[in-house]
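Peer 1: Sharing a structure below in structure tokens format, with a few things to ask.
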Amino acid sequence: MSPARYRQVTIGALVALAVIIVTGAAVRLTNSGLGCDDWPNCSSERLIDVSSKHAAIEQINRFFTGVVGIAVIAAVLGSLVRRPRRRDLTVLSAWLVVGVIANAVLGGISVLVDLHPIAVQGHLLLSMALIVAAATLVRRAGEPDDVPRAPAVSEPAKRLVLALFVLTSLAVFTGTLVTGAGPHAGDEEAERLDIAIPTVARLHGATVMITIGVALLIAWRIRTAADDRDALVNPLSTWIFVGVLQAALGYVQYFNGVPELLVGLHVAGATAVMLVTTHVLLATTRPVADHAPAPAAPLATAAER
């Protein structure tokens, strides 16, 4: 398999992992989380059951989980037949398979514990971790072979970008707390976190505002540092656009009673934020463009022999 074709395979895996997050949210927002009350069968009597709307929605999501599995397995197999083969791509793609299997098991546990919010929360957080791994795989697959990486930004800029990544992850985590305490549990009878929604919403909002503040601080700092600006201006500009839009959407949905459509868009936005955050982090290093193998020793001339 050529490097270009393999990169297409990795993009397919990333898209599938992003879509399954949104379809999983659709299951929860339509109260179909227990449409299938067993796992891996839909029910104790049937492997597949579409006798009700909720069961059909959950079955479609489970079917798409199989599509995700095929996509990540293709990424692993592709890394083995890619020429030249690269260990970093094989390891990253293998982690995708491990993560998808773990998330399928966690999804099953979520059903068996009647959508306990902590289990559902872990299900989403692991999905976000898979987005980070898949985005890294796509980035690495598009880079030259046998070329070492080097820092592309200064150490202070790198620390700020790392802080941005950590804070974004924390904002996603506090967002899952809001979900765990909120009205969209996936089933009318599902347990909720014993946390006041306004309190946890303020915590989430504060985390988001601090994260946006750090992004703006990075933008202000790199304006006078040419190397930092060249490496970060594009991914950081994308982050600020997506991050501010996501924050605005969060406030709109909250003050409008968290309607299902806006909540679903907010979940999709969280996925996009995690993706662009990974791109900002990956931009702190780059392949060394002028790296070349050492020249071979010249052949001895006839006179020397």
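Peer 1: Explain nothing, just the number: relative contact order of the chain, from Cα pairs under 8 Å at least 6 residues apart, as a whole percent.
Peer 2: 23 percent
Peer 1: Another question, if that's okay. Just for the Cα atoms in the stretch 94-144, what are the lengths along the principal axes, largest first, rounded to whole Å?
Peer 2: Taking max minus min along each principal axis of the Cα atoms, the stretch 94-144 gives 47, 16, 8 Å.
Peer 1: Also: Neighbouring Cβ atoms within 10 Å as the yardstick, rank Lys53, Lys158 fewest first.
Peer 2: Lys53, Lys158
Peer 1: Same structure, new question: Mind checking the alpha-carbon convex hull of the stretch 1-146 and giving the volume per residue in Å³?
Peer 2: 93 Å³
Peer 1: Of Thr285, Thr271, Thr211, how do they rank once you tally other Cβ atoms within 10 Å and put the fewest first?
Peer 2: Ranked by crowding around the Cβ, least crowded first: Thr285, Thr271, Thr211.
Peer 1: Separate question: Compute the projected area of the convex hull of the Cα atoms of the stretch 76-172, averaged over all viewing directions, and report it in nm² to one decimal place.
Peer 2: Its Cα hull, projected and averaged over all orientations, spans 7.6 nm².
Peer 1: Would you please state the base-10 log of I(q)/I(0) at q = 0.22 1/Å for the stretch 112-245, with intensities from the Debye formula using one equal scatterer on every alpha carbon?
Peer 2: For the stretch 112-245, the Cα-only Debye profile gives -1.33.
Peer 1: In whole angstrom, how long is each semi-axis of the equivalent ellipsoid of the stretch 243-293, when you take the square root of 5 times every eigenvalue of its Cα gyration tensor and sort them from largest down?
Peer 2: After diagonalising the Cα gyration tensor, the semi-axes are 38, 9, 5 Å.
Peer 1: How large is the charge dipole for the stretch 124-186, taken about the Cα centre, if only the Cβ atoms of Lys, Arg (+1) and Asp, Glu (-1) carry charge, to the nearest 20 debye? All intermediate terms of the calculation are to be shown ahead of the outcome.
Peer 2: Numbers: 5 positive and 4 negative charges, 31 e Å.
Computed charge dipole of the stretch 124-186: roughly 140 debye.
Peer 1: In addition: For a quick size check, give me the Cα extents of the chain along its three principal axes, largest first, whole Å.
Peer 2: 91, 49, 24
Peer 1: While we're on this one: Can you sort Trp95, Trp220, Trp239 so the residue with the fewest Cβ neighbours within 10 Å comes first?
Peer 2: Fewest-to-most Cβ neighbours within 10 Å comes out as Trp220, Trp95, Trp239.
Peer 1: Among Leu96, Leu115, Ala152, whose Cα projects farthest towards the positive end of the dipole of the chain, with charges put on the beta-carbon of Lys, Arg (+1) and Asp, Glu (-1)?
Peer 2: Positive-end residue among those listed: Ala152.
Peer 1: Starting at the first residue of the stretch 205-210, write each ³J(HN,Hα) from the Karplus equation 6.51 cos²θ - 1.76 cosθ + 1.60 with θ = phi - 60°, in whole Hz, x for Gly and Pro.
Peer 2: After applying 6.51 cos²θ - 1.76 cosθ + 1.60, I find x, 5, 4, 5, 5, 5 Hz.
Peer 1: Check each of the trypsin sites (Lys or Arg not before Pro) in the stretch 198-294 and keep only those in coil by DSSP with at most 16 other C-beta atoms within 10 angstrom; list them in order.
Peer 2: The qualifying sites are Arg223.
Peer 1: Taking amide H positions as placed 1.01 Å from N in the peptide plane, with prolines and chain starts having none, which residues 5 or more places from Arg286, or on another chain, fall under 5 Å of its amide H?
Peer 2: Ala150, Ala152
Peer 1: Could I ask something else about it? Please work out, to two decimal places, the log10 of the ratio I(q)/I(0) at q = 0.21 Å⁻¹ from a Debye calculation in which every Cα of the stretch 203-252 carries one identical scatterer.
Peer 2: Each listed q maps to, in turn, -0.72.
Peer 1: Using the Cα centre as the reference, give the magnitude of the dipole from point charges on the C-beta atoms of the stretch 1-146 (Lys, Arg: +1; Asp, Glu: -1; all else neutral), rounded to the nearest 20 debye.
Peer 2: 700 debye
Peer 1: Of the options Val233, Leu170, Gly182, report the single residue whose Cα projects farthest towards the positive end of the charge dipole of the chain (beta-carbon charges: Lys, Arg +1; Asp, Glu -1).
Peer 2: Farthest along the dipole direction, towards plus: Val233.
Peer 1: Among Leu106, Leu17, Pro84, whose Cα projects farthest towards the positive end of the dipole of the chain, with charges put on the beta-carbon of Lys, Arg (+1) and Asp, Glu (-1)?
Peer 2: Projecting each Cα onto the dipole axis, the largest value belongs to Pro84.
Peer 1: So how strong a dipole does the chain carry about its Cα centre when Lys and Arg Cβ are +1 and Asp and Glu Cβ are -1, to the nearest 20 debye?
Peer 2: Numbers: 23 positive and 22 negative charges, 247 e Å.
Here the size comes out at about 1180 debye.
Peer 1: Something else now. Could you derive backbone 3J(HN,Hα) for the stretch 4-15 from the dihedral phi with the Karplus parameters 6.51, -1.76 and 1.60 (θ = phi - 60°), listing whole Hz in sequence and x where the residue is Gly or Pro?
Peer 2: In residue order, the calculated couplings are 5, 5, 5, 4, 4, 4, 5, 5, x, 5, 5, 4 Hz.
Read-outs throughout are calculated quantities, based only on the coordinates presented, and are distinct from any laboratory measurement. Predicted model, so just to flag it, every value in this text is computed and none were measured. Cβ coordinates were reconstructed from backbone atoms using ideal geometry, including for glycine residues, and neighbour counts include every protein chain displayed.
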